[in-house]
Amino acid sequence: MSETGETPTARILRIVTMAADYVAAAMLLVIFVTLVAQTFMRYVMRSPLSTSQELATITFLWMVFWAAGTTIRFSEHIRFDILYNALGPQSRRIMAILANAFYLVIFVWAGKATWDYFLFLETQYTGSLAISYQIAFFPYFIFFVAFPLKILAAIASLVGRDWRQAL
């Protein structure tokens, strides 16, 4: 443990999470600069950029899947919890385990088709930038691997001794 009472694993996780947050912020900056440049070129220079919309779209796609797979905590993802919040702790635990197991089954079930489509995207290219769609959609692959790991971690915490903290 460090002087702050943080374990080495917790410290590494905090640093990696902070780095992932900075990567997402940098992507947001790229989107902003791209849109400002496009606005300037279109309305001031009267010569619009042909690639700016595509770059902003791909960067937005990267940012969304990057953040969903790496920086957003599992508890911050959108979910319908009206019934969940009305239940007691033990019932919420069971419901959370079943829901997470269902999500995991869906990810495993979709795995082969997702991988096949990801391989197919290698042959497809964007219109303006001529970037392979495999590169454009790569963050989805990160999400598709990272999110089930988050689900497994959530299930593990729900079946562990300190399961009440996982609710």
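Sorting 70-76, 13-19 by average packing, meaning the other beta carbons within 10 Å per residue, from highest down gives 70-76, 13-19.
In this simple spin-label approximation, Val108 and Arg14 carry label points 7 Å from Cα along the Cα→Cβ vector, and these lie 3.5 nm apart.
Annotation for the range 66-84 versus the range 132-167: alpha-carbon center distance of 10 Å.
With charges set only on the Cβ (+1 for Lys and Arg, -1 for Asp and Glu), what does the dipole of the chain come to about its Cα centre, in debye to the nearest 20?
320 debye
Relative intensity of the chain on a log10 scale, I(q)/I(0) at q = 0.10 Å⁻¹, equals -0.56, per a Debye sum over C-alpha point scatterers of equal strength in the absence of solvent.
A convex hull fitted around the alpha carbon atoms of the range 79-167 yields 110 Å³ per residue.
Kindly identify the range 1-97 as rounded, prolate or oblate by the Cα gyration tensor criterion: order the square roots of the eigenvalues as a ≥ b ≥ c, call it rounded if a/c is under 1.5, otherwise compare a/b with b/c, prolate if a/b is larger, else oblate. Mind dumping the intermediate values first?
Values: a/c = 4.39, a/b = 1.79, b/c = 2.45.
It comes out oblate by the Cα gyration axes.
Which of the three applies to the range 52-119, rounded, prolate or oblate, going by the alpha-carbon gyration tensor with a ≥ b ≥ c and a/c under 1.5 meaning rounded? Here the range 52-119 falls in the oblate category.
Only helices enter this figure: runs of n ≥ 4 DSSP H residues, each worth -39500 (n - 2.57), summed and divided by the residues of the chain, yield -23500 deg cm²/dmol at 222 nm to the nearest 500.
Annotation for Phe118 and Gln53: the two label points, set 7 Å from Cα along the Cα-Cβ direction, are 3.0 nm apart.
The numbers here are math on the coordinates, done by the rules we state, and not lab data. Computed from a predicted structure; not experimentally measured. In this analysis, Cβ positions are derived from the backbone assuming ideal geometry, glycine residues included, and neighbour counts consider all displayed protein chains.
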